[in-house]
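> Take a look at this one; I'll ask things after.
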Amino acid sequence: MILVTGATGATGPGVVRGLREAGVDVRALVRNESKAQPLRDMGAEIVVGDLDKPETIGPAVEGVDKIFLLTGNGEAEAEHGRNVIEAAKRAGNPHIVRYAGFGSEKSRIVRNQQEVEIALKSSGLPWTLLMPTFFMQNTMLGAQTVASDGVIYWLMQDAHLAMVDVRDATEAAVAILTGSGHEGKTYVLTGPAAISFHDVASAFSKALGKEVRYVDVPREALIESMLGMGLSEFTANGYAELMEGFIEGFADATTDNVALLTGHPARSFETFARDFAQVFGASP
Ligand SMILES: NC(=O)c1ccc[n+]([C@@H]2O[C@H](COP(=O)([O-])OP(=O)(O)OC[C@H]3O[C@@H](n4cnc5c(N)ncnc54)[C@H](OP(=O)(O)O)[C@@H]3O)[C@@H](O)[C@H]2O)c1
């Protein structure tokens, strides 16, 4: 039995589906029962719990062999991670596969995640760290202006970043959770190349058959737009700090971990742009 936390977010359902397709028993921790049905339909057992409330985590970790530990990037992330690790220790000796971003510790989000990493490594439990860089799918936040004006706005200057497709990250997670020999290992996941947002724009130009250009935005504009999307001050600033780390070259090198774990090469940004062209305004 594998427990998946953060099962109702952007990444969790893909992990649950992949595990179910591999024939594994899955338990999903959800805090809001109304979001559980799609996971039930995949065959997952549901436990309602809140990572803010340690007393609700016990039933979720009871009897599990492994835990896919994904926590949202809010201010309480370190506490959420520690709460699961403490509950897991009380429940037995499950292998925890911690899913966290690969980013500079300039970011308050990364510093929060490092606290979880420290707690995990000193817990005595078997652990694996899975750390994707920046997801190609994040560029979907700019889909509207790519479609309407042929412009992608971002805060990345001319930096090169080895961004990764979330589909590869999900497959890698499933491979670790269903495989063996991954204890005590850290896998940084990247795409096949470190690319700039000018490269991103030219991949969209090719996929959409029209000119797309990249326009850099100041930090304040990025934060304002994230606050407008409902993100908290903590998370919006944390993401801006992450981008600043990338601008300084934090993730400008590739790894071959996607191929190692999934058995196929990491998807390129060109592939991503082609596969999701309709999201960016291409006609069906
Ligand atoms: N975006 C990137 O470029 C990138 C790259 C590498 C790694 N990552 C990492 O990916 C992770 C985020 O994954 P994601 O995008 O799938 O997250 P997400 O969409 O923000 O989902 C967060 C999940 O956590 C759940 N959650 C939040 N607070 C909770 C609580 N108190 N109790 C129980 N569950 C709670 C949410 O439940 P609700 O549905 O109820 O809100 C949701 O299922 C982060 O660790 C991030 O660092 C992201």
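> Go through segment 150-175 and give me each residue that's part of a helix (DSSP H, G or I) and open to solvent by 10 Å² or more (accessible area, probe 1.4 Å).
First, the residues of segment 150-175 that are part of a helix (DSSP H, G or I): 166-175.
Answer for segment 150-175, where residues must be part of a helix (DSSP H, G or I) and open to solvent by 10 Å² or more (accessible area, probe 1.4 Å): Val166, Arg167, Thr170, Glu171, Val174, Ala175.
> So which of Val188, Val146, Val200, Val215 is modelled with pLDDT of 95 or more, assigned to a strand (DSSP E or B), β-branched (Val, Ile, Thr) and over 17 Å from Met131 (Cα atoms)?
The conditions single out Val215.
> Among the numbered criteria (1) within 13 Å of the ligand (Cβ to nearest atom); (2) more than 30 Å from Met136 (Cβ to Cβ); (3) in contact with a Pro (Cβ under 7 Å, 6 or more places away or on another chain), which one does Pro38 miss?
That leaves (2) as the condition not met.
> A further question on this structure: Given (1) of a type outside the set (Ser, Thr, Tyr); (2) surrounded by 19 or more Cβ atoms within 10 Å (Cβ to Cβ); (3) in contact with a strand residue (DSSP E or B) (Cβ under 8 Å, 6 or more places away or on another chain), where does Ile46 come up short, assuming only one miss?
With (1) of a type outside the set (Ser, Thr, Tyr); (2) surrounded by 19 or more Cβ atoms within 10 Å (Cβ to Cβ); (3) in contact with a strand residue (DSSP E or B) (Cβ under 8 Å, 6 or more places away or on another chain) applied to Ile46, the lone miss is (2).
> Name the residues in segment 233-273 that are in a helix (DSSP H, G or I), closer than 18 Å to Ala162 by Cα and of a type in the set (D, E, K, R), would you?
Glu241, Glu244, Glu270
> Related question: Only one of Glu211, Glu183, Glu233 is among the charged types (D, E, K, R), open to solvent by 10 Å² or more (accessible area, probe 1.4 Å) and within 20 Å of Ala100 (Cβ to Cβ). Can you tell me which?
On the way: Glu211 fails: within 20 Å of Ala100 (Cβ to Cβ); Glu233 fails: within 20 Å of Ala100 (Cβ to Cβ).
Being among the charged types (D, E, K, R), open to solvent by 10 Å² or more (accessible area, probe 1.4 Å) and within 20 Å of Ala100 (Cβ to Cβ) holds for just one of Glu211, Glu183, Glu233, which is Glu183.
> Can you tell which of Leu29, Leu19 is within 20 Å of Ile176 (Cβ to Cβ) and more than 7 Å from the ligand (Cβ to nearest atom)?
On the way: Leu29 fails: more than 7 Å from the ligand (Cβ to nearest atom).
Exactly one of Leu29, Leu19 is within 20 Å of Ile176 (Cβ to Cβ) and more than 7 Å from the ligand (Cβ to nearest atom), namely Leu19.
The values are calculated or read from the model by the stated rules, or taken from the named source; none is laboratory data. Owing to the predicted nature of the structure, the values given are computational and were not obtained by experimental measurement. Methodologically, a virtual Cβ is constructed for each residue, glycine included, from the backbone with ideal geometry; neighbour enumeration extends over all protein chains shown. Accessible surface areas use protein heavy atoms only, side chains included; no ligands, DNA or RNA. Shrake-Rupley method; radii C 1.70, N 1.55, O 1.52, S 1.80 Å.
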